[in-house]
Amino acid sequence: MSDTQPTRVVIDQSTQEPLLPLRAPAETAPAGARIPKRILVLGATSGIAEACCRLWAERGDSLFLVARSPDKLAAVAADMTTRGASFVGSVVANLDDTAAHPELLAHAVNSLAGLDIAFLPLGILGDQALAERSFPHAEEILHTNFVAPVSLLTWLATYCAQRHAGTLAVVSSVAGDRGRKSNYVYGSSKAGLTAFVAGLRNRIDREGVRVITIKPGPVKTAMTEGMKGREKMADVEAVAAAIVKAIDAGQDTLYVPGIWRIIMAVIRAIPESLFKKLDL
């Protein structure tokens, strides 16, 4: 954590929603200097999140990291400090606990003295075969991948719309573009998230808030360890570089690697009469 204490944000105690920062780091930056971005990462120990955080830390951005594993989170936070992040804060939290989100997010915004980017890479792959016969497991996948992000985004969208600024970058998946027998529970959770994010973008883009849908194909991370065809999956560092670039550019939707835009367009175009006979 940096030696400089971040400026506090005024909190409306009646709603627990943060108001405008009293003073943001941008207002005190030397002329011509790059202003560090204030970035909240929800699900900071995922492979994609770590790779993105490394890039942000190396350019001196401020980071607030949230994840459920204390040991993993401590290691990631220490690494980001070493790599040059101007500020690193962290909280151990189970993001499935939606009731705790308002307090958690207010604390994160306070710690960062505002918010420029909220990055949401949280999610689980789950076990398709188990989910087919066990609703509790299917429910777990749907809650983590859809319900929890919706709770977080509802709060964050309100905060950013109040300020008429900010970027919400949400990791969905190409699996959400069409349900397939091999992963339709996971895919349906991501399809719901994609639709929610698209509607959110349509509502608050006019308020000056950028909302980005990130749709990775399979990536070489811990989540895909042991999966068939892993040797052909995308490199996580390349995926992270594309994500950071898209966020900086304010892009609406990112397929990464880009070839997945074409692949999924083809898959979506297959007639249902044929599609239901395929083993995909």
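Results, tabulated for the structure shown:
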{"read-out": "Any hit, region 138-157, residues being over 20 Å from residue 42 (Cα atoms) and surrounded by fewer than 20 Cβ atoms within 10 Å (Cβ to Cβ)", "value": "yes"}
{"read-out": "Test: residue in region 156-167 that is hydroxyl-bearing (Ser, Thr, Tyr), touching a Lys or Arg at 6+ places or on another chain (Cβ under 8 Å) and under 27 Å from residue 103 (Cβ atoms)", "value": "yes"}
{"read-out": "Out of 9, 66, 41, sole residue that is modelled with pLDDT under 50, aliphatic (A, V, I, L, M) and touching a helix residue (DSSP H, G or I) at 6+ places or on another chain (Cβ under 8 Å)", "value": "9"}
{"read-out": "Residue within region 16-33 that is among the charged types (D, E, K, R) and modelled with pLDDT of 55 or more present", "value": "no"}
{"read-out": "Wholly enclosed strands (runs of 3 or more DSSP E) of region 48-137 bearing at least 2 residues among the small types (Gly, Ala, Ser) and surrounded by 15 or more Cβ atoms within 10 Å (Cβ to Cβ)", "value": "62-67, 87-92"}
{"read-out": "Condition check for residue 39: of a type in the set (Val, Ile, Thr) and under 16 Å from the mean Cα position of the chain (by Cα)", "value": "yes"}
{"read-out": "Pairs with Cβ under 7 Å, 6+ apart, first in region 90-119 and farther than 16 Å from residue 160 by Cβ and free of Cβ contacts under 8 Å to residues at least 24 places away in the same chain, second crowded, with 17+ Cβ neighbours inside 10 Å and charged (D, E, K, R)", "value": "none"}
{"read-out": "Residues that are among the β-branched types (Val, Ile, Thr) and within 15 Å of residue 243 (Cβ to Cβ), drawn from region 35-76", "value": "39, 41, 48"}
{"read-out": "Close pairs (6 angstrom Cβ cut-off, 6 or more residues apart or separate chains): at negative phi and among the acidic types (Asp, Glu) in region 38-61, modelled with pLDDT of 95 or more and in a helix (DSSP H, G or I) anywhere", "value": "50/76; 58/83"}
{"read-out": "Number of the condition not met by residue 168 [criteria: (1) crowded, with 17+ Cβ neighbours inside 10 Å; (2) more than 22 Å from residue 94 (Cα to Cα); (3) not hydroxyl-bearing (Ser, Thr, Tyr)]", "value": "(2)"}
{"read-out": "Selection count where residues are surrounded by fewer than 23 Cβ atoms within 10 Å (Cβ to Cβ) and in contact with a Phe, Trp or Tyr (Cβ under 8 Å, 6 or more places away or on another chain), scope region 179-189", "value": "0"}
{"read-out": "For residue 254: the one exception among (1) of a type outside the set (Val, Ile, Thr); (2) surrounded by 18 or more Cβ atoms within 10 Å (Cβ to Cβ); (3) at pLDDT below 95", "value": "(3)"}
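The values are calculated or read from the model by the stated rules, or taken from the named source; none is laboratory data. Everything quoted here is computed from the prediction, not taken from an experiment. Quick reminder, even Gly has a Cβ in these numbers, built from the backbone with ideal geometry, and neighbours come from all protein chains shown.
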